[in-house]
Amino acid sequence: MTRQSNDPNGKLIMSRRGMLLSGATLLAGSLAASLCPSMAVAAADADAQSRFMQLSSLLINHRLNPAVGARIAETATGEYKNFAGMLDAIIAIAEKKQAKTVEDFFGDIPEGELKDFAHWVIFAWYSGCSSEKRNAKVFTYEEALIFKPTSDILTIPSYGISGPNLWTRPNLPLSAPMPTF
């Protein structure tokens, strides 16, 4: 706590220790703010991620994982320069139609950039990745919606030594066969 007093002329006087502590606090605060600019970006991104999840729930009638949505939204901001504008435009179309499901408004999305973006969002949620290319960014494996209908009866294909989905390789015996007598 700094010690302040008034001198006879009405001026505020602060002790040297108070000035030193105030200066150190100000310096530490400005240093922390300059080292963590991502905090301000994260706050701005939270609104975009919230709107992205709103759009996703309009386009896809499933229970969606917010963590996967955040990864998809992060990639979309780099892929689509007008990401925020497209979110707002498609949500506005859905709100104008008072849509509860994708069938209520999807036909009203204009062809071109908006429709392509809506298709990309649907593809990303169902496939769990950004495209069909080899350099696609993977958002999820287990939470991909294409896997959900059969998740209770099928195991996820594993990436074994022989390669992804390569289950046709014959199994080799672990030891020499038992001798027969």
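Okay, here's what the table says:
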read-out	value
Long-range HN-HN contacts of residue 137 with modeled amide H, under 5 Å	130, 131
Solvent-accessible heavy-atom area per residue, rounded to whole Å², over the range 49-147 at 1.4 Å	57 Å²
The range 63-110, accessible surface, carbon-and-sulfur percent (1.4 angstrom probe)	49 percent
Low-density loop positions, GluC sites (Glu not before Pro), the range 49-147 - DSSP coil, at most 13 other Cβ in 10 Å	111, 132, 142
Computed label-point distance, nm, for sites residue 77 and residue 96 using a 7 Å Cα→Cβ extension	2.8 nm
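The values are calculated or read from the model by the stated rules, or taken from the named source; none is laboratory data. Quick caveat: nothing in here was measured; it's all calculated off a predicted structure. Here the Cβ is made from the backbone with ideal geometry for all residues, glycine too, and neighbour counts use every protein chain on show. Just the protein is used for accessible areas: all its heavy atoms, side chains included, with ligands, DNA and RNA removed. Shrake-Rupley method; radii C 1.70, N 1.55, O 1.52, S 1.80 Å.
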